[in-house]
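Everything below concerns the one structure shown next.
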Amino acid sequence: MKMNQKNNQKKEKSSKEKKGRLFKGVVIGDKMDKTVVVSVSRLKKHPRYKKRYRVNKKYKAHDEKNVFKIGDQVIIKECRPISKDKKWRVKGLVQNHEAKPK
């Protein structure tokens, strides 16, 4: 009986979407095919002086249909490795590059 319960739990986990890290960033490069470069900015706290400073990191993310352009704000999600550098997928658009913030 316990074996059946374990198998059922494994099936339930596989049917659910796997969890991964989510980041929000700005597309800064779209010249590659099916790939965009996303710059993610975060605040970091200095260990001794406690001052907060901004750190930027670039991630290559998979964009299957080449939809996203430079300036778009997007959400990227961690996934299995697609290539040497690509371990992220673009999940969705937050703000279009043509929309001007007020």
If you check Gln73 against the conditions, is it farther than 22 Å from Lys18 by Cβ and modelled with pLDDT under 95? no
Being modelled with pLDDT under 85 and of a type outside the set (A, V, I, L, M, F, W, C) narrows it down to one of Lys34, Lys18, so name that one. Lys18
How about the stretch 74-85: which of its residues are part of a loop (DSSP other than H, G, I, E, B), more than 21 Å from Lys31 (Cβ to Cβ) and either in contact with a helix residue (DSSP H, G or I) (Cβ under 7 Å, 6 or more places away or on another chain) or of a type in the set (Lys, Arg) (or both)? Arg80
Gly71 vs (1) small (Gly, Ala, Ser); (2) within 15 Å of Ile28 (Cβ to Cβ); (3) part of a strand (DSSP E or B): all pass except (3)
Among the residues of the stretch 47-55, is any aliphatic (A, V, I, L, M), in contact with a strand residue (DSSP E or B) (Cβ under 8 Å, 6 or more places away or on another chain), loosely packed, with under 12 Cβ neighbours inside 10 Å and modelled with pLDDT of 95 or more? yes
So is Lys91 surrounded by 15 or more Cβ atoms within 10 Å (Cβ to Cβ) and touching a residue at least 60 places away in the same chain (Cβ under 8 Å) or not? yes
Among residues of the stretch 86-102 being modelled with pLDDT of 95 or more and assigned to a loop (DSSP other than H, G, I, E, B), the residue farthest from Lys18 (Cα to Cα) is Lys86
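The rows are residues; the columns are (1) touching a Gly at 6+ places or on another chain (Cβ under 7 Å); (2) of a type in the set (Phe, Trp, Tyr).
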{"position": "Lys18", "(1), (2)": "no, no"}
{"position": "Phe23", "(1), (2)": "no, yes"}
{"position": "Val36", "(1), (2)": "yes, no"}
{"position": "Ser39", "(1), (2)": "yes, no"}
{"position": "Lys45", "(1), (2)": "no, no"}
{"position": "Lys50", "(1), (2)": "no, no"}
{"position": "Val55", "(1), (2)": "no, no"}
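The values are calculated or read from the model by the stated rules, or taken from the named source; none is laboratory data. Every value quoted in this text rests on a predicted model; they were computed, and no experiment measured them. Don't worry about glycine lacking a Cβ; one is built from the backbone with ideal geometry, like all the others, and counts go over all protein chains shown.
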